[in-house]
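The values are calculated or read from the model by the stated rules, or taken from the named source; none is laboratory data. The model shown is predicted, which means the values in this text are computed figures rather than measured ones. Reconstructed Cβ throughout: ideal geometry from the backbone, glycine too, with neighbour counts over all protein chains shown.
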């Protein structure tokens with residue numbers, strides 16, 4: 001009877017961990033979607049770009065709750081692309097952190113539209129951690145997941161390029177910097 005009780009305990013713990021990782025992804029996705037919509041409110045010319053970008057996070061959360069590994073792959077691909085870009089290619093995060101510093105020192109936030117890069121970056125980090133955690137708890141990981149992950153990363157990057165080309169071509173200039181990044185902290 002002991003082995004059965006032990007197996008049940010392990011299954012309950014696994015299920016609880018799985019739900020916690022799903023909530024982690026969902027909270028990160030909601031935070032980032034809120035940042036995208038707030039940013040689109042402040043800067044109307046990026047509304048369509050952010051509208052379509054938000055759908056990657058909606059898809060991620062929906063697939064993660066179904067325990068579909070494509071959700072983990074899409075989530076990591078989309079969130080890592082954005083966080084990598086803000087760390088190494090543009091100055092969104094650096095400028096947001098400067099605004100956070102001003103807020104902490106003065107109690108005043110002169111550019112909330114710039115500051116929101118910080119919660120956006122954190123939301124993406126939470127999505128990445130949640131997706132990696134959820135994937136790590138899978139009992140049926142396979143080597144076939146590696147090319148699927150590569151397809152998801154290529155697909156999310158391609159989707160970013162497509163929506164930038166359609167709605168904000170000026171941001172396409174970020175792509176060459178992805179190959180030769182410079183830390184922007």
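Would region 29-38 turn up any residue that is surrounded by 16 or more Cβ atoms within 10 Å (Cβ to Cβ), touching a helix residue (DSSP H, G or I) at 6+ places or on another chain (Cβ under 9 Å) and closer than 20 Å to residue 136 by Cβ?
yes
Residues that are surrounded by fewer than 16 Cβ atoms within 10 Å (Cβ to Cβ) and at pLDDT below 95: which helices (runs of 4 or more DSSP H) entirely in region 108-185 hold 3 or more of them?
It comes to 174-179.
Can you find even one residue in region 164-175 that is free of Cβ contacts under 8 Å to residues at least 60 places away in the same chain and either within 19 Å of the chain's Cα centre (by Cα) or within 21 Å of residue 59 (Cβ to Cβ) (or both)?
Yes, some residue in region 164-175 is free of Cβ contacts under 8 Å to residues at least 60 places away in the same chain and either within 19 Å of the chain's Cα centre (by Cα) or within 21 Å of residue 59 (Cβ to Cβ) (or both).
Right, residue 138: within 24 Å of residue 43 (Cβ to Cβ) and either in contact with a helix residue (DSSP H, G or I) (Cβ under 8 Å, 6 or more places away or on another chain) or in contact (Cβ under 8 Å) with a residue 60 or more places away in the chain (or both) or not?
Here the answer is no, as residue 138 does not meet what is asked.
Just checking, how many residues over region 48-68 are in a helix (DSSP H, G or I), surrounded by fewer than 20 Cβ atoms within 10 Å (Cβ to Cβ) and in contact (Cβ under 8 Å) with a residue 24 or more places away in the chain?
Of the residues in region 48-68, 4 are in a helix (DSSP H, G or I), surrounded by fewer than 20 Cβ atoms within 10 Å (Cβ to Cβ) and in contact (Cβ under 8 Å) with a residue 24 or more places away in the chain.
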